[in-house]
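Take a look at the structure below.
Only the coordinates and a few stated rules stand behind these numbers; no lab work does. As the structure is a prediction and not an experimental result, all values here were calculated from the model. Don't worry about glycine lacking a Cβ; one is built from the backbone with ideal geometry, like all the others, and counts go over all protein chains shown.
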Number of protein chains: 2
Amino acid sequence: MFESTKVGRTVSKEDFREQQEELRTELLAAQRDLKDSNVPVIVLISGVEAAGKGEVVNRLNEWLDTRGVQTFAFWDESDEERDRPRYWRFWRSMPARGEISILFGGWYLTPIEHRFKGHCTDAELDGELNRIVDFERMLTEDGALILKFWFHLSEPNQKARLKELSRDDRSRWKMLPDKSKFSEQYAAFEQVAERIIRHTDQGSCPWYLIEAEDRRYRDLTVGKTLLHAIRSRLAENSAAATPAPERVWTPELPNSPSAQITIIDQLDLSLALERETYQQEMKRLQSEINELAWSAYNKKRSTVLVFEGVDAAGKGGAIRRITTAVDARLYRTIPIAAPTDEEKAHHYLWRFWRHVPRAGFMTLYDRSWYGRILVERVEGFASHPEWRRAYAEINRFEEQLVESGIVMLKFWVQISDEEQLKRFKDREATPYKRYKITDEDWRNREKWPHYREAINEMIVRTSTRYAPWTLVEGNDKPFARVKVLKTVCDTLREALKRTPEPITGYLPCGEKRV
Amino acid sequence: MFESTKVGRTVSKEDFREQQEELRTELLAAQRDLKDSNVPVIVLISGVEAAGKGEVVNRLNEWLDTRGVQTFAFWDESDEERDRPRYWRFWRSMPARGEISILFGGWYLTPIEHRFKGHCTDAELDGELNRIVDFERMLTEDGALILKFWFHLSEPNQKARLKELSRDDRSRWKMLPDKSKFSEQYAAFEQVAERIIRHTDQGSCPWYLIEAEDRRYRDLTVGKTLLHAIRSRLAENSAAATPAPERVWTPELPNSPSAQITIIDQLDLSLALERETYQQEMKRLQSEINELAWSAYNKKRSTVLVFEGVDAAGKGGAIRRITTAVDARLYRTIPIAAPTDEEKAHHYLWRFWRHVPRAGFMTLYDRSWYGRILVERVEGFASHPEWRRAYAEINRFEEQLVESGIVMLKFWVQISDEEQLKRFKDREATPYKRYKITDEDWRNREKWPHYREAINEMIVRTSTRYAPWTLVEGNDKPFARVKVLKTVCDTLREALKRTPEPITGYLPCGEKRV
């Protein structure tokens, strides 16, 4: 695989000077066009030791307008990062649309290091690489342009370069945080690198293997590759700008009466609780959830609760029964409304990653990422391919949360059509409830057949072993609230008894500390 | 001072139930109105041990719609917080307009603890309290509503409460991170508390001393105070909505020719560098700044560089000479354009606090908070009182940065009227520079008399010992670039030789670690 990076490609000083001038002008122009596009650009910089990765990045920053570029080195993990799922730090480094992030190593750093040091097996490495493939595909499908550069040196060249660096007292390289000495076992390192590159080399975001011996050749090649990639992507975009035939989505369930029955129809909405039982239960559960929240804090286990449901189903009421019981220092409620402009400039999951709690805390999402496959699907805010792939994206997102030790619960609160109508009318009649009901709520009622199918599919596709949906019969508010609280208590109590285990064959991470 | 908190005020169970019902409805209504206003609400919770501060906050969260409320406890400082100026964590907790932040202790926690433990003198404490007064005034002048609650108990009542708590195995109180036992020296603690309250009790954000013995009285009083404060503020706002007579700002310099001379007029814009000297100097300086940046990284000293100047003065060029020299992993360029909607929902300094670098890194602001007293003043985006008070606000902001160990430099790049005209025309004539020139640039030229005075006043009022302005003669680009780089190198080199010292008599903070 690396043969082509050992052929001794060079660029003369004069050629470099000449080509640089042109390249630079074109890169700046491309960057300006990029600015007006909806494409975020991610440049990953990897390679063998002493290949001059830092030099390349400095060159790029010299050529580009640094106002649209941010560089991220993943040296030390801060404690705010350690206390969250592993990928949180990468989400923090995501460029907005029209901007460029240059990432040193990025998500490849840990896998390379772990495998090379023998901290994981090939099979475990492959599991992690699958995750990476999924992650990158998700980003590219959302419109991101990802360029992955691997800089390579032959063994004698690397030896020479290292010697040269060690002679220079003031070499930057010596001041860098110490990474394991990958160079001492050249062949073994190359083997790991090959496995990783092979496994993650996708059409939509290929690796570029670059010979790093000649600095001029190396830098020019990177610059030209970047320029070409940006230009091609922008050309593609404007080609696609001719409106595609609109695909209207209609309910897809087979037309036979029995196929029309959804999971939601099977809920027994007549379930109810007597007032006295309700008060007793509530008292007991609220006291317990407070204890559990403190215990989770001490054990550094986080909790993520997701609340979804039809309009007026009583999500807010259920949330309040939890928040009034738990110490206010331990939880945060995130109400999901229209995204801010910063949020709109990123992948739709970015705004939820922002709020993932630090270890020990609880986050309640009042509506959530499921908007993608509910309202966005039904209203057509997300295109058909967008919401279709969201199921897998969401499952992987939740998998990462749970894997990092987060206890996760999702509630769907359902009420009958008649009950909803009753509550709507009640809201209209009560002065201090009137603000809760809008014309849109009424419109949504008319779209119920569409929602019905979307909900059914959501539950089928995203109720996973590690993040199951709890369906809540909501016609009787006391019953619904007790069911929610009881589920949270039971799950949290059980979860705190044991250490979380990896869900799949992913990398057993050294930095995992639950 | 605390006598009024020891008179045994109580509320009966029935009264509580009755009043609570009404209070709650009204609080929710007030919160909805707040939502549509431009008022951020900060509720500070302080007081003696065992007064039930956590209980109060939970009650507020029970009464309010938690979707507009965030609670912050300042337990452990994360390393991302420790690596920045002390107030960074408070800026992170600032509510957006229309929302409420509840802060446990907030900026009072450290002063109380330090003085009580004898880590600082009364005089030092007073210095810190002056800062707090300034800080709070800045927020209230910007429209924030700040409520500061102090919960108090008599000595026997506190003793009894502590005993009661210690008997309860499951008391939340016992699970809280250990704070110094303020209760063991009741009188001494009361004395410190009194000094702090007395010193920081301002008309625009007064302290509310509340007797905490009877829980019902305590909670009802807090709720009513909050309701009344929000209602009054919203009423004030709508009263003020009648348009105030517009104050048009005109240049204010006395009309005599000699009074019209500004600092800027004294710059010798004929200064220039020969090509050869330029290249030599640049090579030397770029190499040095890279070394210095690495050295600053190793010593955990941050650098903040601010670039301001007239249009086409060459700010960008000067910035590039730095960024191409410094390792891309060590700096970040923050171009200041129109604020995002999240930024608009906060105090104007909030967006700059967001980007304050972690210890060891460099941030280059391409335009900055000085927009407030330049473009916002001249264009009337900020009102007369707003930009008038910005001088002091900015000085205090910069003081905090420098005090935390940040090396700070501010550059004003100036060119002559003729040179600007030449560059504008050149930009219009060169295809790849054309995007740099807009109609607005031409319009700004016409406003030069206004800018001239604003710039002069800015330099006079904000050139401080700890954050001086460097005026750069910009007609000759090589000269300007070398001057900027040389100033950065000289300052950074000197700064790295010594440990930063406190600027004023502020609190010598235990957490200071430069």
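Cross-link partners for B:K433 among the aspartates and glutamates, with Cα-Cα distance under 18 Å and sequence neighbours closer than 8 places in the same chain left out: A:E21, A:E22, A:E26, A:D33, A:D36, A:E62, A:D65, B:D311, B:E419, B:D441. Would you please state the base-10 log of I(q)/I(0) at q = 0.18, 0.25, 0.31 1/Å for the stretch A:192-237, with intensities from the Debye formula using one equal scatterer on every alpha carbon? Log10 I(q)/I(0), no solvent term: -0.70, -0.96, -1.03. Taken over the stretch A:260-496, the alpha-carbon convex hull comes to 136 cubic angstrom per residue. Global size of the stretch A:80-147: 13.2, 40 Å for Rg and Dmax (C-alpha atoms, Rg to one decimal, Dmax whole). Dipole magnitude for the protein assembly as shown: about 1320 debye, using +1 per Lys or Arg Cβ and -1 per Asp or Glu Cβ, origin at the Cα centre.
For the peptides B:305-317, A:201-213, residues were scored by their other Cβ atoms within 10 Å and the scores averaged per peptide; the highest-first order is B:305-317, A:201-213. Hey, how much of the P(r) for the stretch A:358-425 falls beyond 19 Å, as a percent of Cα pairs? Considering the stretch A:358-425, 53 percent of its Cα-Cα pairs are separated by more than 19 Å.
Summarising the overall dimensions of the protein assembly as shown from its C-alpha atoms, the Rg and Dmax are 31.0, 93 angstrom. Look at the stretch A:23-33: the mean tally of other chain Cβ atoms within 10 Å of its residues' Cβ atoms is 1. Would you kindly calculate the translational diffusion coefficient of the stretch B:21-153, applying Stokes-Einstein with the Kirkwood radius from alpha carbon pairs, for 20 °C and a viscosity of 1.002 mPa s, and quote it in µm² s⁻¹ without decimals? It diffuses with D of about 133 µm²/s by this estimate. Taking the Cα centre of chain B as origin and assigning +1 to Lys and Arg Cβ atoms and -1 to Asp and Glu Cβ atoms, the resulting dipole is close to 1260 debye. What the Cα convex hull of the stretch A:362-514 gives, in volume per residue, is 142 Å³.
Across all directions, the shadow cast by the convex hull of the stretch B:414-470 built on its C-alpha atoms averages 5.0 square nanometres. Ranked by the mean number of other Cβ atoms within 10 Å of their residues, highest first, the peptides B:100-106, A:425-431 come out as B:100-106, A:425-431. Take the Cα radius of gyration of the stretch A:312-415 and divide it by 2.2 N^0.38 Å, N being the number of residues; the result is 1.13. Entry note, the stretch A:2-238: relative contact order of 35 percent, from Cα contacts under 8 Å with a spacing of 6+ residues. Here, the stretch A:437-499 yields an orientationally averaged convex hull projection of 6.1 nm² when only Cα atoms define the hull.
Computed on the Cα trace of chain B, the radius of gyration divided by the Kirkwood hydrodynamic radius gives Rg/Rh = 1.03. Remark: relative contact order (chain B) = 20 percent; criterion is Cα-Cα distance under 8 angstrom and separation of 6 or more residues.
Sorting A:I406, B:I263, A:I146 by the number of Cβ atoms found within 10 Å of their own Cβ, with the fewest placed first, yields B:I263, A:I146, A:I406. Look at B:D341, A:D439 and count the other Cβ atoms within 10 Å of each Cβ; fewest to most, that gives A:D439, B:D341. Once the dipole of the protein assembly as shown is set up with Lys and Arg at +1 and Asp and Glu at -1 on Cβ about the Cα centre, which of A:N38, B:F381, B:C489 lies farthest towards its positive end? About the Cα centre, the residue reaching furthest to the positive side is B:C489. What separates the B:R167 label point from its copies, with the point 7 Å along Cα to Cβ, is 8.1 nm, written shortest first. Think of each Lys and Arg Cβ as +1 and each Asp and Glu Cβ as -1; about the Cα centre, that makes the dipole of the stretch B:448-491 roughly 120 debye.
Each of A:Y432, A:L330, A:G371 was scored by the projection of its Cα onto the charge dipole of chain A, and the greatest displacement toward the positive side belongs to A:L330; charges sit on the C-beta of Lys, Arg, Asp and Glu.
Each residue of the stretch B:128-142 was assigned a 3J(HN,Hα) from its phi angle through the Karplus curve 6.51 cos²θ - 1.76 cosθ + 1.60 (θ = phi - 60°); the sequence is 5, 5, 4, 4, 4, 4, 4, 4, 5, 5, 4, 5, 5, 5, 7 Hz, with glycine and proline shown as x. Take each residue in A:61-74, count the other chain C-beta atoms within 10 Å of its C-beta, and the mean is 5.
Relative contact order for the stretch B:19-122: 40 percent, from Cα pairs under 8 Å spaced at least 6 residues apart, divided by residue count.
For chain A, the longest principal axis of the C-alpha atoms and the axis of helix A:417-429 are separated by about 80°. Of the residues B:D327, B:D33, B:D142, the one with the fewest other Cβ atoms within 10 Å heads the list, and the complete ranking is B:D33, B:D142, B:D327. Per residue of peptide B:319-326, the mean number of Cβ atoms on other chains within 10 Å of the residue Cβ is 3. The ellipsoid equivalent to the alpha-carbon distribution of the stretch B:2-238 has semi-axes of 26, 24, 17 angstrom, derived from the gyration tensor eigenvalues as √(5λ) and listed largest first.
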